[in-house]
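One structure below.
Since every read-out is calculated from the coordinates, none of them should be taken as a lab result. Because the structure is predicted, anything quoted here is derived from the model rather than measured. Cβ coordinates were reconstructed from backbone atoms using ideal geometry, including for glycine residues, and neighbour counts include every protein chain displayed.
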């Protein structure tokens, strides 16, 4: 049983009855679920990842005043729930895992991940919002939301970046990926600078993957899971195997140069499908320049309207 499934069952079997019995007058002001940090929130947990910060658990989100009023008693009653569930011990929390589950303040939760206690209203706020943070704030599942506040903010975030911000992020990711992978990787190899070549490859992988998530309108998760998550994307999931080969020590450098070109060609093909470029060029950086020069503000606004 995956961690999210286990926690959902634990909540409905043990958590909800306790909340309704002891906090019935406040129950309709609560939101409950499992969202945030941890592989189980993304559905990526396995036998290895369960050695820490794993076990039947859930979050109880409350608005500020109610959080201050109930946090101590509610935390005590939450911690007093069954020490094991379906044979699985309650969460074995590490220092790094503190504060991920239990009684939480809604505004503090969102401010922790997106930098704001409310939905981003300005484009500058969207530009500053890293994909990884947005992914962490919108993963997992909400089991119950009496007021609907937590879910409304969550759903607005899941509507994704405004289109002009998405395009700007695509341009940046494509430019860095191309410069690092298509240009610097081969050049550093030619100079026998193998550390620089490895760093160039890392820059390419990070930014190419970021572009792929942006092209899917899906938030890219924390670095440990960004490659794993490509498997589940509707577009460009084929690149998952290519990235694996780039990190295969048995693959020669010359072949890796070709793999980089293949990944870039797939990204360019998707850029064309989305109407972001019609440039006939194999160098991804040139497509980034093309998008930057040819997609004007009025066109971006039109794309945003179409996306809605």
query: Roughly how many whole Å is it from the C-alpha centroid of segment 40-88 to that of segment 158-173?
result: 34 Å
- prompt: On full extension of the chain, what length is gained from residue 238 through residue 21, given 0.36 nm per residue of separation minus the C-alpha to C-alpha distance?
  reply: 73.1 nm
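Under the 0.36 nm per residue contour assumption, what length would be gained going from the current alpha-carbon distance of residue 272 and residue 86 to full extension? It would help to have the intermediate numbers written out before the result.
On the way: separation 186, 0.36 × 186 = 66.96 nm, distance 5.04 nm.
Net length gain for the segment: 61.9 nm.
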field: Virtual spin-label span in nm between residue 29 and residue 223, 7 Å along Cα→Cβ
entry: 4.2 nm
field: Length-normalised contact order for the chain - Cα pairs under 8 Å, 6+ apart - percent
entry: 17 percent
field: Cα-based equivalent ellipsoid, the chain: semi-axes from gyration tensor eigenvalues, Å
entry: 41, 24, 14
statement: Taking a ≥ b ≥ c as the square roots of the Cα gyration tensor eigenvalues, with a/c under 1.5 meaning rounded and otherwise prolate when a/b beats b/c or oblate if not, segment 3-158 comes out oblate
Folded to 0 to 90 degrees: helix 253-273 orientation relative to the chain principal axis, Cα: 70 degrees
task: Over segment 163-307, calculate the relative contact order: mean separation of alpha carbon pairs under 8 Å at least 6 apart, over the residue count, as a percent.
output: 31 percent
- line: To the nearest 10 degrees, the tilt of helix 284-294 (Cα long axis) against the first principal axis of the alpha carbons of the chain is 80 degrees
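Can you tell me how segment 163-307 classifies by the Cα gyration tensor, rounded, prolate or oblate, using a/c under 1.5 as the rounded cut? Present the calculation step by step, with values, prior to reporting the outcome.
Details: a/c = 2.20, a/b = 1.55, b/c = 1.42.
Note, shape of segment 163-307 comes out prolate.
In segment 3-158, what % of DSSP beta bridges are antiparallel (nearest 5)? All intermediate terms of the calculation are to be shown ahead of the outcome.
Working: 9 of 13 bridges.
Among the beta bridges of segment 3-158, antiparallel pairing accounts for roughly 70 percent.
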query: Label-point separation (nm) for residue 192 and residue 48, each offset 7 Å from Cα along Cα-to-Cβ?
result: 3.5 nm
- prompt: Spin-label point model (7 Å from Cα, Cβ direction): what's the residue 199 to residue 265 distance in nm?
  reply: 3.1 nm
- request: Compute the long axis of helix 163-177 from its Cα atoms, compare it with the longest principal axis of the Cα atoms of the chain, and write down the angle in degrees, 0 to 90, nearest 10.
  value: 60 degrees
- request: Take the Cα of residue 158, step 7 Å along the line toward its Cβ, and report every residue of segment 31-72 whose backbone nitrogen sits under 12 Å from that point.
  value: none
